[in-house]
Amino acid sequence: MNTANSIRLIGLLLATSFAATAAPIKFRVNMEYQISSGGFTVGSDTVEAKGSFNGWGAGVALSPSASDAGIYEGTYDVTDPVGTTIQFKFHIYGSRDTWEGIQGYIYTNGGNRAFVYSGVADSTMLVHFADQWGGTLPMTVSVDMGPQTLAGNFTPGTDTVELKGSFNGWGGGMALTNDSGSATPNIYSGTFDATGPAPNSLIAYKFHFYGGHDKWESDPNRLMMMLSNGVTAPLTCFDRACAVPVKVAAYLQVNMNAQVPMGTFDYGTNEVWARGDSFGGWGNPPQGLQLFQDSARPGIYTNTWTALQVPGAPIQFKFTIWNPTAGSTKWEDNIGGNRTVVWSGTEPVDAAGNHVQNYGPVYFDNVSPSDILMTDTYVTFRVDMANAMTMGGTPFDPVNDTLWVNGEFFPNGWWTWGGSGPAGSALTNDPGTSIYYSMEPYLVPKGHSVALTYKYGINGADNEAASGNNHIRYIRLLGNYTMPLDKFGSMVREEVVGSATAARSGNQIVVSWNGRPGVHLQSRASLTSGSWTDVAGTEGASSASFPVSGAPSYFRLIKP
């Protein structure tokens, strides 16, 4: 947001436009396996291609090739703009109804096949239906374990390197061997007959070693196209890390203060651990690295991990809450995967020669005190029912109909639609108006998320909007908070932090936002120099004023 003597809105739009161009695209699929295995009956069944090129509507019926047995093909005039990614799948119909199932974690377009439309006549790659076939193909892989050996992560003769992947359902690994007397004793390789993947299909795989150590390669999976005569993968380094290992130190810091009011952590009975491959494993303690509370920073737990580590190799881990009495673990599940630390080899070096990284402090599970209620808070819901109608088109009758609110904040979560809800869920009329509000302010307890997901219903039915389409608002004042006025049927999804606006009022610049606990304003004079600074007194507020003369030029909202 930019403010000066006048308020300005500056935007930059970069766009590239391609005109739609029609071109015939031939879809081709090999049905031999389905025919031989009884999954496709010639004469009774038809195979078609369906996809985004026509909104997944009527499919393109494919016909047997005149020259290649088992191959079905058909052409469609695609009219999408050049450069569009076309998604599609093959489908069998007739005596059966079968969509091809291909592995969604490999085909990342939602589990669909895809190609980029060039605007010229073309043929899609010939593939096997559902990537199935009845043959085998040779697959050769090799991996350099030298950096892992130097780092002390891998012990030749004690540890075994294996290949696992989608080609065998990630089941029993295929052990690789090395020639310890050769010029390249750290290279492990193997050739296998892969019975799963068909020609022109993608496979996912990883290397894994076990024995004295146990370690998988980090995400993402490796991907490889299986060719018609098999495939030989290029030599790679385990975990994609080929550099010489260096001494490293990771200073881990995690803030547990939000977990206490949520009831998920107790300073006296619970422990904090970091668990991961490089910390001794993902299992229960003593696997992992225990963190201890910093006496100078209550609620923040720390410890330092040191090792030899290959630059570029990611260390994956999670913080966990361990209850030693119950033998139970609470894992982080709100962080979108695992936490990761990667060394470049250029970090500052401490007196012991370690390349040091400070990790954190971060909030456990990425939940900060501003994300939860630190005190019990009474919330009042209000909704305008003027001209309100149900999803079925029935108008609301303020005399004969009742109005309810439903949501995840009730003690047992969403109550069952279709009747009377629990105490506090009925709304009553404000005499003389069409505005309804809660019968009484409803208690949302300490430790609950400041985000409230809810919905209104006439006569206790789920009839305000389609199933799953809910209001999402944030409690923005602790103790007592009255929600902004809703309008029945107009579903609101507030921004997490709160949208901000700036306007000039006389000789003042007024910045306003939809505040919430913990959120505050920052400012700076320039985007090319200086840094963002906190604006005092704005935490939990909703506005701030600045004299026009000398006012900062840029503002932003921050949630810690």
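The values are calculated or read from the model by the stated rules, or taken from the named source; none is laboratory data. Being a predicted model, the structure only gives us computed values, none of them experimental. Backbone-built Cβ (ideal geometry, glycine too); neighbour counts: all protein chains shown.
A compact table of results
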item	result
Counted residues, segment 497-523 - those being surrounded by fewer than 18 Cβ atoms within 10 Å (Cβ to Cβ) and within 30 Å of the chain's Cα centre (by Cα)	4
Which numbered condition residue 365 misses (of (1) surrounded by 15 or more Cβ atoms within 10 Å (Cβ to Cβ); (2) over 23 Å from the mean Cα position of the chain (by Cα); (3) acidic (Asp, Glu))	(2)
So residue 273, is it in contact with a helix residue (DSSP H, G or I) (Cβ under 9 Å, 6 or more places away or on another chain), at negative phi, among the aromatic types (Phe, Trp, Tyr) and surrounded by 20 or more Cβ atoms within 10 Å (Cβ to Cβ)	yes
Pairs with Cβ under 6 Å, 6+ apart, first in segment 28-42 and over 15 Å from residue 126 (Cα atoms), second assigned to a helix (DSSP H, G or I)	34/129; 40/34
Enumeration of residues in segment 125-135 that are part of a helix (DSSP H, G or I) and at negative phi	129
Criterion violated by residue 478 - all others in (1) under 18 Å from residue 427 (Cα atoms); (2) surrounded by 14 or more Cβ atoms within 10 Å (Cβ to Cβ) satisfied	(1)
Flag for residue 481 being at pLDDT 90 or above, outside any loop (DSSP other than H, G, I, E, B) and in contact with an Asp or Glu (Cβ under 9 Å, 6 or more places away or on another chain)	no
Per-region count, segment 359-403, residues closer than 14 Å to residue 462 by Cα and either assigned to a strand (DSSP E or B) or β-branched (Val, Ile, Thr) (or both)	5
Residue in segment 157-175 that is among the aromatic types (Phe, Trp, Tyr), within 31 Å of the chain's Cα centre (by Cα) and part of a loop (DSSP other than H, G, I, E, B) present	yes
Residue satisfying all of: in segment 136-151; assigned to a loop (DSSP other than H, G, I, E, B) and in contact (Cβ under 8 Å) with a residue 60 or more places away in the chain; surrounded by the fewest Cβ atoms within 10 Å (Cβ to Cβ) among these	151
Filter result (hydroxyl-bearing (Ser, Thr, Tyr), assigned to a strand (DSSP E or B) and under 29 Å from the mean Cα position of the chain (by Cα)) within segment 455-474	474
Selection status of residue 421, in contact (Cβ under 8 Å) with a residue 12 or more places away in the chain, part of a strand (DSSP E or B), among the small types (Gly, Ala, Ser) and buried (at least 16 other Cβ atoms within 10 Å of the Cβ)	no
Test: residue 406 is of a type in the set (S, T, N, Q) and either surrounded by 19 or more Cβ atoms within 10 Å (Cβ to Cβ) or not in a loop (DSSP other than H, G, I, E, B) (or both)	yes
Check on residue 311, out of contact with any strand residue (DSSP E or B) (no Cβ under 7 Å at 6 or more places or on another chain), at negative phi and either surrounded by 15 or more Cβ atoms within 10 Å (Cβ to Cβ) or part of a loop (DSSP other than H, G, I, E, B) (or both)	no
Residue satisfying all of: in segment 83-123; of a type in the set (A, V, I, L, M) and at pLDDT below 90; surrounded by the most Cβ atoms within 10 Å (Cβ to Cβ) among these	102
Meets criteria (assigned by TED's automatic domain parsing to the domain that holds residue 434, buried (at least 18 other Cβ atoms within 10 Å of the Cβ), of a type in the set (Val, Ile, Thr) and farther than 26 Å from residue 481 by Cβ) for residue 390	yes
Residue that is surrounded by the most Cβ atoms within 10 Å (Cβ to Cβ), among those in segment 199-250 that are basic (Lys, Arg) and under 28 Å from residue 291 (Cα atoms)	215
Those residues of segment 176-189 which are of a type in the set (A, V, I, L, M, F, W, C), at pLDDT 90 or above and assigned to a loop (DSSP other than H, G, I, E, B), in sequence order	176
The lone exception for residue 330 - which of (1) on the phi < 0 side of the Ramachandran plot; (2) in a loop (DSSP other than H, G, I, E, B) it fails	(2)
Residue identified as surrounded by fewer than 17 Cβ atoms within 10 Å (Cβ to Cβ), of a type in the set (Phe, Trp, Tyr) and assigned to a loop (DSSP other than H, G, I, E, B) among 414, 343	414
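The rows are residues; the columns are (1) among the aromatic types (Phe, Trp, Tyr); (2) in a loop (DSSP other than H, G, I, E, B).
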{"position": "196", "(1), (2)": "no, yes"}
{"position": "199", "(1), (2)": "no, yes"}
{"position": "205", "(1), (2)": "yes, no"}
{"position": "223", "(1), (2)": "no, no"}
{"position": "250", "(1), (2)": "no, no"}
{"position": "253", "(1), (2)": "no, no"}
{"position": "269", "(1), (2)": "no, yes"}
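Results for (1) over 32 Å from the mean Cα position of the chain (by Cα); (2) without any contact (Cβ under 8 Å) to a residue 12 or more places away in the chain, shown as yes or no for each residue.
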position	(1), (2)
482	yes, no
486	no, no
490	no, yes
525	yes, no
536	yes, yes
543	yes, no
